[in-house]
Amino acid sequence: MDTLIHRYYLYSGEKNKIEDYHLSSFFEYCVFNDGILYLGVKGFEFDDSILDEEKSPDENLSESELRNRITWRCWFDNVQKLHNSNLLKGIIIDLRNNGGGRVNNYQYVIGALQESDLDSSEKGWGKMKVLGSIRQKNGVGRFDYSPFVPHYVPIYNKEHAIINEPVVVLTNCWTGSMAEISCLGAKELGNSCLIGTRTSGLFGPLIDDNGKDHYTRIWSGSVGDSKEEPFYIRMPYCAFISLNGEFLEGEGIKPDIAVQLDTSLYDNTGRDNQLERALEYIRTGK
């Protein structure tokens, strides 16, 4: 699905419905001519400096990094422009096949649409939002955990609109980790709808593979070596619960509207029935 929007409209005969389109290694963006914006996010693994002009001027970026910045900036700027002119009909955030990554990346997607719970800028932490609680393994015993503490995610520090138009998040079984946290963040908007299939249920953060000393330091990590042995185990070092007190590890998040991807339709025609359902929801409200 690297060029989902491009392929969809190349073969569906509806190219005239797109007014702008950009593709980069982390993002795919377009704006539909009825005021719906789409942003596909392929992973939360980009360095903040790619999107932060103050940290890295354009001339210091590689061609690929600059394309990521331009693609994201087109989406963000159009969200602001259309919202402020009352022309924004809705936003689609595509997190299908997004396996997660860095917590700090949250601010550039869902965190660029909402307000913060806490402003600790004077401490250098910036604006943040609480989306649940975490506890860490702190011993070898089965029930050796630290107390639960709030789990904060960053909110985009620069001025931005608080979006009250419909926001649809597309999910599937490969939506995991930080992408799932983003789904919970979208639910806090109060105007969102998750469409697709249940997420992977991989909330607990993992450390690097084959870190042979990790277990002795934090009672977690890898058991075995993926490069030398037929199987190995990776254990998360934190447990996460939602604001509602739900343990979602191994359970995932159920979509509000369940839609299985019609792979035959996609392969044969380029049409994406999950995306079509998202567009229908924004255009009709149901």
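Key figures
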quantity	calculated
Helices (runs of 4 or more DSSP H) (entirely within region 192-286) containing at least 1 residues that are modelled with pLDDT under 95 and closer than 28 Å to Gly90 by Cβ	263-269, 273-284
Of residues in region 34-64 being in a helix (DSSP H, G or I) and in contact with a Ser or Thr (Cβ under 8 Å, 6 or more places away or on another chain), the one nearest to Ile18 (Cα to Cα)	Ser64
Residue list for region 50-98, restricted to those being under 21 Å from the mean Cα position of the chain (by Cα) and without any contact (Cβ under 8 Å) to a residue 12 or more places away in the chain	Asp52, Leu66, Asp77
Unmet criterion (only one of (1) open to solvent by 50 Å² or more (accessible area, probe 1.4 Å); (2) modelled with pLDDT of 90 or more; (3) out of contact with any Asp or Glu (no Cβ under 7 Å at 6 or more places or on another chain)) for Asp2	(2)
Qualifying residue in region 138-150 (condition: part of a strand (DSSP E or B) and under 30 Å from Thr71 (Cβ atoms))	no
Identity of the residue in region 152-163, over 19 Å from Leu131 (Cα atoms) and either open to solvent by 20 Å² or more (accessible area, probe 1.4 Å) or under 9 Å from the mean Cα position of the chain (by Cα) (or both), that ends up modelled with the highest pLDDT	His160
Test: Arg135 is in a strand (DSSP E or B), open to solvent by 30 Å² or more (accessible area, probe 1.4 Å) and either over 25 Å from Gly100 (Cβ atoms) or touching a residue at least 24 places away in the same chain (Cβ under 8 Å) (or both)	yes
Filter result for Thr175 (in contact with a Leu (Cβ under 8 Å, 6 or more places away or on another chain), at pLDDT 90 or above and either of a type in the set (Ser, Thr, Tyr) or not in a loop (DSSP other than H, G, I, E, B) (or both))	yes
Options Asn86, Asn97, Asn104: the member that is part of a loop (DSSP other than H, G, I, E, B), open to solvent by 30 Å² or more (accessible area, probe 1.4 Å), at pLDDT 90 or above and within 26 Å of Arg198 (Cα to Cα)	Asn97
Residue in region 138-146 that is touching a Ser or Thr at 6+ places or on another chain (Cβ under 9 Å) and within 25 Å of Leu243 (Cβ to Cβ) present	yes
Qualifying residue in region 54-61 (condition: acidic (Asp, Glu), in contact with a strand residue (DSSP E or B) (Cβ under 8 Å, 6 or more places away or on another chain) and under 30 Å from Pro150 (Cα atoms))	no
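The values are calculated or read from the model by the stated rules, or taken from the named source; none is laboratory data. Since we're looking at a predicted model, the values are computed, not measured. Here Cβ is always computed from backbone atoms with ideal geometry, including for glycine, and neighbour counts include all displayed protein chains. Remember, those area values only see protein heavy atoms, side chains included, never the ligands or the DNA or RNA. Shrake-Rupley method; radii C 1.70, N 1.55, O 1.52, S 1.80 Å.
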